[in-house]
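The values are calculated or read from the model by the stated rules, or taken from the named source; none is laboratory data. If you're wondering where the values come from, they're calculated on a predicted model, not measured in any experiment. Counting neighbours? That spans all protein chains shown, and the Cβs are built from the backbone with ideal geometry, glycine included. With ligands, DNA and RNA removed, areas are computed over all heavy atoms of the protein, side chains included. Shrake-Rupley method; radii C 1.70, N 1.55, O 1.52, S 1.80 Å.
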Amino acid sequence: MNVAEKKARVIEPDSLIGKRIPKMDAPEKASGRTRYIHDINLSGQLYGKILRSARIHALIKSIDVSAARALPGVHVVITAADIPDQRPIGVAKDHFPLKVGRVRSQRDEIAAVAAESEEIAEAALKLIKVEYEDLPVISNPEDAIKPGAALIHPEPHGADGSHLHLKQGMSIAHKGKPDNIAMRFDYVHGDVVQGEAESDVVVEDTFKLHYVTHCCMGVSGMIAEFDASGNVLMYSNTQVPFLHKREFAEYLNIDPARIRIIQPPIGGGFGSKLDIYPFEVICLYLARAAKRPVKMLFTREEEFLASPTRQPVLLTLRSGCKKDGTLTFRQVHTLHDNGAYTSWGATTPFVMMQTFSSLYRVPHCDYHTAAVYTNNPYAGSFRGYGNLQATFAIEQHMDMLAEKIGMDPLEFRLKNAQDAGEVTGQGMSFKSCGFKDCITTAAKRSDYARKARENAANRDKPGNIKRGIGMASMLHVGGGAKIYPSDGCGTILKMDDFANVTLITGASEIGQGSETVLSQLVCEELGLPISAVTVVNNDTAITPWDVGVHASRTTFIAGNSAIGAAKKAKSKILAVAAKKYGTAEDELDLRGGFVIQAASGEVVVELSKLLRNLHFQDKAELVMTTFYYEPPSVHQDKGFKGDVSAAYAWGSQVVEVEVDTDTGIVRMTKVTGAHDVGRVLNRLGIEGQIEGGVVMGQGYALTEDLLIQNGVMKNPNFRDYKLVTAPEIPEMDIAFIESMDGEGPQGAKGVGEAPSICIAAATANAIANATGVRMFELPFTPEKVYRALHGQTPKLYWKPWKAE
Amino acid sequence: MTELKHYFAPTSLDQAVECLKDGDVTILAGGTDLTPQSQAGRVKIKHTLMNIRHIPQLTGITLEGREIHIGALATITEIMEHPLVRQHLPVLVEACDHFASDQIRNAGTIGGNICNASPAGDTLIPLLVLDASVELASMPEAKLYRHTMPLSTFFVGPGKTRKSLCELVTGVRIPLPEQGHVARFFKLGTRPALDISTISIGVAGTLRDGVLSNARVAFGAVAPTPTRAAQTEQALEGQRLDAATIEKVAAIARDEVKPIDDVRATAWYRKEMIHNITKRILSHVAQA
Amino acid sequence: MSLKHDIEFTLNGVKRRVSVDVTMNALAMLREVIGLTGTKYGCGEGECGACTIQVDGVSLNSCLMFAVDCDGRNVTTIEGLANDSKADALRESFVEHGAVQCGFCTPGMIMQADHMLHKHAHPDEACVKRGLEGNLCRCTGYKKIVDAVVACGAAEVTP
Ligand SMILES: Cc1cc2nc3c(=O)[nH]c(=O)nc-3n(C[C@H](O)[C@H](O)[C@H](O)COP(=O)(O)OP(=O)(O)OC[C@H]3O[C@@H](n4cnc5c(N)ncnc54)[C@H](O)[C@@H]3O)c2cc1C
Ligand code: FES
Ligand code: FES
């Protein structure tokens, strides 16, 4: 190449940050080629099915599997008796994958079959005979905590009725529990008694939050295979492959090094894949026994029956403020229906108490939760993690307090909203904080103040359609959450001879578009087009450690990790180039696939050429780097205080509704949102996350209701469990507040969970604005709203229960 | 009941009714009810599964004298888009528009909707207020036998009709509405269509000088079958639709229905809705 | 065990003969007998639209159709839209507009949208929303899907 010509070439600065970048995997998905677990079949594979309980609460008197075993095509039938070394699973280790002696809920696993086909496996299940002895069903957490209530996990007795003296340190699954209290959380800062004394007005209400479930469009499933040496290969959609690898090893009593998890593309996650569920362990048992790969897929009905739910909550909130609009205190008691076993739902208070203690300035806060065992479905983690429930109560009270002191609700909120630099009573430190910006932006773009005034004035005019507008705000972790010993993520980055990058990250992709964002961040450092990156993120044998996809952490943590690896690669490249071309490293940069002069943009050398030179010289070298990012957050202390996240995300949403007073039908017409996302990395991706979250919030507020009566799920299907459909979605106007977080990757914060959180609360405020009627119980289905409008809803009150 | 032993796809009506003779036959039309019902084991397929798709005599929408004839295989989409239906039976178009989803409207047939006999069947309410009759065919001896039955007497319970096991529904006949005919349909739900009715209401009659005659009122999802509401019709017959009458009729409608509680709504709410929506529809009719 | 029946039909432009269980639905036939997995199972009851295919030019839920009922008919799946230029534009529109997240609903959405665009070449937003009412998506909130379909229809107006 002509030297003079090359010198003349200048590469203009360009950035991918903030652009609308289509998801890298979208073309494959849009052509139906992507292979989800459902689409993968291994040769020699058998099909696994689970027999679930026919009773809600009962002793298992006997199980007869002989007819099932005799059915042609059946390879393995297992019950608890066949797996004597079962280990307890779950967050509180309070159940076995295959239930032993007793069933406690509708979903309980009694036996499992592996057979040549799904049909045969199903036929075999029908041949299994189980004898039960019914026990009283506790389907209401208020009953579960009454003195003398029947126990869900009683201590086992010997055959003669005597107490068994069990070893200390054994799990609940072995030794039972003397009461029905699964978990307790007690948090306090300040002194609520003093807070109340300082208050001019106080409000107290009970709120009731219902069951909803994830409804991932791809049903749960997995494939397990043992090789000839006993190593395990799992195809699984877990969101926490590395931690689960360890747990699975424990359940199988093998070395974790022998477990490899491959994560095929997932048909939706939303928090549902954060725990290990019985079916996964059972699938492993079946594969181990059959010595063949076993594939297990749920039906949609099973997905409803045997998936975790969002945590249902009964809560009484007492809050107060002064006449001048200063919040004085919040006192909260909640009762969590834990269901029969403990999953992550029980731990939602970690997030709920943050919201109660720190959403707005709260000088005094007193928070108590009891999660109690019942015979209901058990609650897991679900996008928003307790925050929807807490925000629902708080933001209604914000409106009610403002009304009581005769203050404009917007002004009231702004008066109590925090600024950057503040540290809350719980120790959360807001380094970047766009809270007030979010409130004012959302209010302005929606014309909140004018509409709220007019709607209230039009309330008593004739006509059956009443319009309402309501606002709510939220606070959520946006820079990971230090709940495990490490909250980090590893990256391996390698470059090939053509300046293509393979980014090997520990962060799983669950449909949220993390691959694309991580590629963007890497390209930004290395001056490459997005097409130069291949992301590998789905195989524990290859990818470096990561704590898992939760707490809206992937962009922040994995993003910083990827940037770290890219920076190391960049400095290596620049060092080589500087040496070769006789300049200083800091005078060079990477851009458009070239090494350039940083000041002028003039091309020094094509990057791929430089990499080849480096590779094919005497002292051959490759550009390969690794990086591990651990956020600067800290663990909470015993009193739940501490700065658990490296950054916090804020958002305000304004919901507009039309209430038909003839029918109780609430139409959500518009949602205006303002979200402090730190910085927009991929506009297309973040808009999609927000819109999806808004509509999920709409479902929570208006349509979705998993009906559980006496422990029985009444609507395990999409016919009667209603997701929002396309014609029902509101107009959406989403604004981004870029507070440029100092620690965030390119200034970004995590937002995955943020958009669903405020919708129900804002909808409640909108309905009140439209009709003057406050609703304290979700969801706002037509009949519920109609009843409330006609004074047919008795005032809900739950007297805070204080355990000694 | 015997196991499924035979699959048959007749290409003529004679073949079909001949096959139906022994009564041990499950009829398949669009399959939108039968497929999920049989897969879930709620319905057991009998000795023969007979697919009626290829029978030309069951298709088409035509004007025959003063009646519109809709073949049993006409899909909801075909009905909704057909010029004859759009011109003469807009209330049926309205109901079709609130029926399931596009995919299901493209597959589901009117014959299937009638024979499935769901209390919430959406075409059934307009068909009832339009005085439709069901056309049936069988082969009692060696010859094809056809007769019709008013739709209002056809349903006997959820999923149960007066059709015998040996009969095939070949279509429905709907008299052409006369001058001044008005008809309305309303399906209550939060979604435009893909939703089982909580309640649905059809009202029809002849409106002359503000007076309604030949009043027809039918309710869906408030009884074991879609039903005509005799007392409500009586209260409406020959009345001028002023506010007082409308209120009175709506109250009678509320008292006339005997719905049940289920996962979708309580009986109380259904009764309230029958009242409110009847009132709303009648006000619309009054303004027509 | 179960009764089998031989059927012959056109699948994505190619004539096929298959032997299927009479009680099997078309979705299971496509995925398990024929091995085309682009058509998805989301509910098996007609409520989600993930299984949408086109038969004789109209869209329907393959889970609500008996496999034997494919006999003599013309069936198109997401795989079959690969050779259709109109569908290329639709696919691209989905990608460009960010209408794909987990992607599980996407094949069904595209099959339905393609049918809709054949019926209404330039649908507006309301028309698209109604057209997609039988397709559930848990990730996107539908907005970007609706945008993608509207834009694809509009693109054809301005050549
Ligand atoms: C998700 C979903 C949503 C739905 N939404 C609605 C809705 O909104 N409104 C509504 O009304 N319905 C709805 N349905 C029900 C169904 O789509 C309709 O009832 C449809 O019209 C049935 O027609 P088909 O041709 O598919 O019937 P098929 O399933 O083929 O048959 C239904 C029944 O009728 C019998 N049958 C069919 N044709 C004849 C005939 N010619 N002679 C004798 N017997 C016959 C069959 O043996 C079977 O028992 C819904 C169904 C689903 C799965
Ligand atoms: S799988 Fe067919 S509609 Fe859901
Ligand atoms: S993209 Fe995940 S369900 Fe639609």
- Highest-fluctuation residue, C:26, C:87, C:121 considered, GNM on chain C with Cα pairs under 10 Å: C:121
- Both in Å, the radius of gyration and Dmax of the C-alpha trace of region B:71-126 are 10.1, 28
- Note on the structure: Among residues of region C:96-111, a drop of 50 Å² or more in 1.4 Å probe accessible area, assembly relative to the chain on its own, occurs for C:100, C:101, C:102, C:104
- Message: Translational diffusion coefficient of region B:1-122 at 4 °C, 1.567 mPa s, Stokes-Einstein with Kirkwood Rh over Cα pairs, in µm²/s as a whole number.
- Response: 84
- Task: Starting from region B:59-154, pick out the trypsin sites (Lys or Arg not before Pro) whose DSSP state is loop and whose Cβ has at most 14 other Cβ atoms within 10 Å.
- Result: B:66, B:143
- Shape call for region B:108-190 from the C-alpha gyration tensor, a ≥ b ≥ c root eigenvalues: rounded (a/c under 1.5), prolate (a/b greater than b/c) or oblate? oblate
- Query: How big is chain C in terms of Cα radius of gyration and Dmax, in angstroms?
  - Reply: 15.7, 57
- Determine ³J(HN,Hα), in whole Hz, for all residues of region C:81-97 in sequence, where each value follows from phi through the Karplus function 6.51 cos²θ - 1.76 cosθ + 1.60 and θ = phi - 60°; x replaces Gly and Pro. 6, 4, 9, 10, 5, 4, 5, 4, 4, 5, 4, 4, 4, 4, 5, 5, 8
- Under Karplus coefficients 6.51, -1.76 and 1.60, residue-wise ³J(HN,Hα) of region A:10-22 in Hz, glycine/proline x: 10, 9, 6, x, 8, 9, 8, 5, x, 7, 9, 9, x
- Task: Treat region C:84-155 as a sphere of radius equal to its Kirkwood radius over Cα pairs and apply Stokes-Einstein at 4 °C in a medium of 1.567 mPa s; give the translational diffusion coefficient in µm²/s, rounded to a whole number.
- Result: 112
- Item | Computed magnitude of the charge dipole of region C:4-80 (debye, nearest 20; Cβ of K, R +1, Cβ of D, E -1) | 220
- Counting sequence-distant residues (5 or more places) and residues on other chains, those with an amide H built under 5 Å from that of residue A:183 are A:371
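Please compare each pair in C:40/C:86; A:177/A:799; A:461/B:258; A:273/C:143 to a cut-off of 28 Å on the Cα-Cα distance and tell me which ones are over it.
Numbers: C:40/C:86 22 Å; A:177/A:799 25 Å; A:461/B:258 33 Å; A:273/C:143 26 Å.
As for pairs spanning more than 28 Å Cα to Cα, those are A:461/B:258.
Rounded to the nearest 20 debye, what is the charge dipole size of chain A about its Cα centre when +1 sits on each Lys and Arg Cβ and -1 on each Asp and Glu Cβ?
320
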- Given the candidates A:269, C:113, C:78, the one whose Cα lies deepest towards the positive end of the charge dipole of the protein assembly as shown, counting +1 at each Lys or Arg C-beta and -1 at each Asp or Glu C-beta, is A:269
- Task: Return the single residue from B:75, B:35, B:161 with maximal mean-square fluctuation; model: Gaussian network over chain B, springs between Cα atoms under 10 Å.
- Result: B:35
- Message: Below 8 Å, C-alpha to C-alpha, sequence gap of six or more: please give me the relative contact order for region B:181-286 in percent.
- Response: 24
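For the protein assembly as shown, what does the accessible surface come to per residue with a 1.4 Å probe? Please give it in Å². Please list the in-between numbers first.
On the way: 44510 Å² over 1251 residues.
Heavy-atom accessible area per residue stands at 36 Å².
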- Query: Under the definition of Cα pairs under 8 Å and six or more residues apart, what whole-number percent is the relative contact order of region A:681-744?
  - Reply: 31
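Classify region B:181-286: rounded, prolate or oblate, from the alpha-carbon gyration tensor (a ≥ b ≥ c, eigenvalue square roots; a/c under 1.5 rounded; otherwise prolate if a/b is larger than b/c)?
prolate
Just to make sure I understand: if all protein chains stay in place, what is the order of A:107, A:184, A:467 by accessible area at 1.4 Å, largest first?
I get A:467, A:184, A:107, largest accessible area first.
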- Given the options B:15, B:231, B:179, state which has the largest fluctuation in a GNM of chain B using a 10 Å cut-off (strictly under) for Cα springs. B:179
- Message: Can you classify chain A as rounded, prolate or oblate using the Cα gyration tensor, where a ≥ b ≥ c are the square roots of its eigenvalues, rounded means a/c under 1.5, and otherwise it's prolate if a/b beats b/c and oblate if not?
- Response: oblate
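Calculated from DSSP H runs of 4 or more alone, at -39500 (n - 2.57) each and per residue, what is the 222 nm mean residue ellipticity of the protein assembly as shown, nearest 500?
Here the helix-only value at 222 nm equals -8500 deg cm²/dmol.
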- Message: Which log10 I(q)/I(0) values does region A:10-53 give at q = 0.14, 0.22, 0.24, 0.30 Å⁻¹ under the Debye formula, counting every alpha carbon as one identical point scatterer?
- Response: -0.66, -0.91, -0.95, -1.09
- Under-5 Å amide H pairs with residue A:594, H placed in peptide plane, nonlocal only: A:607
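Estimate for me the total accessible surface buried between chains A and C (protein heavy atoms, probe 1.4 Å, no ligands or nucleic acids), in Å² to the nearest 100.
The summed interface area works out to 3700 Å².
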- Message: From the convex hull of the Cα coordinates of region C:4-80, what is the mean projected area in square nanometres?
- Response: 4.2
- Task: Percent of Cα-Cα pairs per 5 Å bin, from 0 to the last occupied bin, for chain B, please list those.
- Result: 1, 6, 12, 17, 18, 16, 13, 9, 5, 3, 1, 0, 0
- Note on the structure: Along the dipole axis of the protein assembly as shown (charges at Cβ: +1 for Lys and Arg, -1 for Asp and Glu; origin at the Cα centre), the most positive-end residue among A:96, B:19, A:584 is A:96
- Along region A:534-550, Karplus-curve 3J(HN,Hα) (6.51, -1.76, 1.60; θ = phi - 60°) to the nearest Hz, with x for Gly and Pro, reads 10, 9, 10, 8, 9, 8, 5, 6, 10, 7, x, 4, 8, 7, x, 8, 7
- Message: Tell me which trypsin sites (Lys or Arg not before Pro) from region A:632-674 have a DSSP coil assignment and no more than 15 other beta carbons within 10 Å of their own.
- Response: A:638
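Note down the relative contact order for region A:525-662 as a percent, whole number, built from C-alpha pairs under 8 angstrom at least six residues apart.
Numbers: 118 pairs, mean separation 28.9, N = 138.
About 21 percent, as a whole number.
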- Message: Which entries of A:49/A:126; B:187/B:271; A:129/B:46 have Cα-Cα distances beyond 23 Å here?
- Response: A:129/B:46
- 5 angstrom amide H check on residue A:500, placed H, neighbours 5+ away: none
- Item | Listed residue (C:140, C:87, C:39) projecting farthest to the positive dipole end of region C:10-159, Cβ model | C:39
